[in-house]
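Worksheet for the structure shown next.
The values are calculated or read from the model by the stated rules, or taken from the named source; none is laboratory data. Being a predicted model, the structure only gives us computed values, none of them experimental. Positions of Cβ are generated from backbone atoms using ideal geometry, with glycine treated the same way; all protein chains shown enter the neighbour counts. Accessible surface is based on the protein model in full, side chains and every heavy atom, while ligands, DNA and RNA are left aside. Shrake-Rupley method; radii C 1.70, N 1.55, O 1.52, S 1.80 Å.
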Amino acid sequence: MLGLNGTPFQPATLQLTGIPGIQTGLTWVALIFCILYMISIVGNLSILTLVFWEPALHQPMYCFLSMLALNDLGVSLSTLPTVISTFCFNYNHVGFNACLVQMFFIHTFSFMESGILLAMSLDRFVAICYPLRYITVLTHNRILAMGLGILTKSFTTLFPFPFLVKRLPFCKGNVLHHSYCLHPDLMKVACGDIRINNIYGLFVIIFTYGVDSTFILLSYALILRAVLVMISREQRLKALNTCMSHICAVLAFYVPIIAVSMIHRFWKSAPPVVHVMMSNVYLFVPPMLNPIIYSMKTKEIRKGILKFFHKSQA
């Protein structure tokens, strides 16, 4: 479809959808989203503040945890404007270019989280398999280089997406199925040849989620092999316990991704609300759970929290 000036038609605005099939009780839905955002933002800001101010936490493991917390803040803040406007203010329109920007940041932060989880698995591998070399291997300069590498990889692989979408005409309406902009959702209302978008999207998924998850599994296979040769049962339990927070974070991130993929591939007749709810779980649950997981499972974080409250009451 062509516009009046002969260029491919692109709507000025796109209409966002809250949760299909839920017409009543939106006040409760808005309240739930606000609580999720509050827990995520306050929790991750607390982790960042605690790691910054507590000298005992100036270690490689907590540097990576700070990266994860900062990235989770990015995930939350990238979806917050349209989700709040849709559910709290009943304003469900977003400008086309603004939608592309939001899509870019949502996917970029999502892929960065996968890379950070891979870096954290490397941290656990070095800590357990080469404990005497832990500090010398994971220096601050190397951690910074790894963080910049993750950022550069995610940014460069996702950078073409807005331009690949912008070249397409949109003739199947302007209604999206989420309260935020995602690339697969935009492809459902786009016309023309979307094969390049689909092929490149598949390449990016394999290049990020596929490669990262493979190396995470490999690192834990090596960790498990190192743990099994330890003589003391207490040593084995202590080593595995240091990995529990990271394992929980990996599961919280990858299980929803796998579930969304399985539903999309094997349950094509699933109601739209199922796809929307799983996408919401994929985007909202990890940023909310990660601070809780590390606060509960990591003794040093708990000590830092107790020390902070003790100082505030003194």
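Below are the figures for this structure:
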| item | result |
| --- | --- |
| Among Q235, Q102, Q59, residue whose mean-square fluctuation peaks in a GNM of the chain (springs only between Cα atoms under 10 Å) | Q235 |
| Evaluated at q = 0.16, 0.20, 0.22 Å⁻¹: base-10 log I(q)/I(0), Debye formula over Cα of region 28-153 | -0.86, -1.13, -1.26 |
| Per-residue HN-Hα couplings for region 131-140 [Karplus 6.51, -1.76, 1.60; θ = phi - 60°; Hz; x = Gly/Pro] | x, 6, 9, 4, 5, 6, 7, 9, 6, 4 |
| Region 223-240 - phi-based ³J(HN,Hα) in whole Hz, Karplus 6.51/-1.76/1.60, Gly and Pro as x | 5, 4, 5, 5, 5, 5, 8, 5, 6, 7, 5, 5, 5, 4, 5, 5, 5, 5 |
| Cα gyration tensor, the chain - rounded (a/c under 1.5), prolate or oblate | prolate |
| With Cα atoms, 0 to 90° folded angle of helix 195-205 axis to the chain main axis | 10 degrees |
| Among P286, P272, P162: highest mean-square fluctuation, GNM of the chain, C-alpha pairs under 10 Å | P272 |
| Farthest toward positive dipole pole in the chain [+1 Lys/Arg, -1 Asp/Glu at C-beta], among L132, T49, G149 | L132 |
| H140 - accessible surface, heavy atoms, 1.4 Å probe, Å² rounded to 10 | 120 Å² |
| Gained length - C88 relative to L218, 0.36 nm times residue gap less alpha-carbon distance | 42.4 nm |
| Net charge of neighbours whose Cβ lies under 13 Å from the Cβ of N174, counting Lys and Arg as +1 and Asp and Glu as -1 | +1 |
| Count of Lys pairs (Cα-Cα under 28 Å; at least 8 positions apart or interchain) in region 13-312 | 16 |
